[in-house]
1. Residues in the stretch 48-90 that are in a loop (DSSP other than H, G, I, E, B) and within 18 Å of G289 (Cα to Cα): how many?
2. Condition test on L24, is it more than 27 Å from G251 (Cβ to Cβ) and surrounded by 14 or more Cβ atoms within 10 Å (Cβ to Cβ)?
3. Yes or no: G204 surrounded by fewer than 18 Cβ atoms within 10 Å (Cβ to Cβ) and of a type in the set (G, A, S)?
4. Could you run through the stretch 76-100 and say how many residues are of a type in the set (G, A, S) and either within 17 Å of H218 (Cβ to Cβ) or touching a strand residue (DSSP E or B) at 6+ places or on another chain (Cβ under 8 Å) (or both)?
5. If I go through the stretch 56-75 residue by residue, how many of them are over 14 Å from A103 (Cα atoms), surrounded by fewer than 20 Cβ atoms within 10 Å (Cβ to Cβ) and either hydrophobic (A, V, I, L, M, F, W, C) or in contact with a strand residue (DSSP E or B) (Cβ under 7 Å, 6 or more places away or on another chain) (or both)?
6. For the stretch 72-90, how many residues meet the condition of being of a type outside the set (V, I, T) and either under 14 Å from G155 (Cβ atoms) or under 10 Å from the mean Cα position of the chain (by Cα) (or both)?
7. Can you confirm whether the stretch 31-41 contains a residue that is more than 20 Å from the chain's Cα centre (by Cα) and part of a helix (DSSP H, G or I)?
8. What's the number of the only condition in (1) under 16 Å from the mean Cα position of the chain (by Cα); (2) surrounded by fewer than 19 Cβ atoms within 10 Å (Cβ to Cβ); (3) not acidic (D, E) that L183 fails to meet?
Amino acid sequence: MLDPQLKKLLEAAQAAGAPDFADLPPAACRGLYREILRSTDIPAVDVGVADQRIAGPGGSLAVRIYTPHGERPQGRGLVVYYHGGGFVVGDLGAYDALCRTLALQSDCVLVSVDYRLAPEHPYPAAVDDSYAALLWAHANAAALGADPARIAVAGDSAGGTLAAVMALEARHQGGPALRLQALVYPMTAGEPGLFPSYALHGVGQVLSMRAAQYFTAHYFGSAGKATSERGAPLLATDLSRLPPALVMLGGLDILHDEGLAYADGLMAAGVPVTLVDYLALGHGFINMGGAITAARAAIDQLAAALGRALAT
């Protein structure tokens, strides 16, 4: 059953004639996405915020650093966060309030990554940028007031995909040892329609089947789907020796079943997994904490998990 507060939001969007992402060019999609997030966002809390540009594989890469006020002699934990948006939309500003809250409530330094977007920069640009930012955050942890031995990756939707891929990349390349991968409704299969949840929830929700196909086509280009684990972590042949995972799913999300399949795969490979299924919520709930009580609880849960995993 649909959460009553989410039902009200969806009905209001339908009454207002809100377009599907698939019916708009990318630039217009980005503006619509900002408006959607702004309408359901949580209030911005007071933390230290600093914008910085770092060297990325495609040139200068923007990151935003969030630091709770007050010193910690032993350093704080460090979270590298990857925003959602189908690899086509989303930016630092749209995720500012969420990242502020996650930093404050986890008592961690959080680095939000403004990876390049498709179709201007198709796969694997987002992956390459994301790993460069992870390496930078680890190398500069002490200067950021964080402990390089206490680091986690986190993200939602496309960002959840990137966080999962970062755990695989770090294992393959001898990168930073991660204490947690926090994956909020990640796209893990890289090909819309492979799982039943697409047919069940592909119409009338925040993320439609058509929008998923639209985003995937822009990101993967003519192939229209992922061909390796760097694009879709469910394609990995070995999920062992990965950091513990928090997997948060929406029961009415088209990505539900592939997220569940990835959690199952991690557990089968011996990776500790905390699986949370918000049965009455759909895609995008982590950005709806200002309008939906259950979504606000999900934000609190994510922050608490990051804090516990990165505690001294």
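Each reported figure results from applying straightforward, stated rules to the coordinates on display, with no laboratory input. Predicted, not measured: the structure shown is a model, and the values here were computed from it. Glycine gets a Cβ as well: all are built from the backbone with ideal geometry, and neighbour counts include every protein chain shown.
1. 4
2. It is true that L24 is more than 27 Å from G251 (Cβ to Cβ) and surrounded by 14 or more Cβ atoms within 10 Å (Cβ to Cβ).
3. It is true that G204 is surrounded by fewer than 18 Cβ atoms within 10 Å (Cβ to Cβ) and of a type in the set (G, A, S).
4. Within the stretch 76-100, residues that are of a type in the set (G, A, S) and either within 17 Å of H218 (Cβ to Cβ) or touching a strand residue (DSSP E or B) at 6+ places or on another chain (Cβ under 8 Å) (or both) number 5.
5. So the answer is 3.
6. 8
7. no
8. (2)
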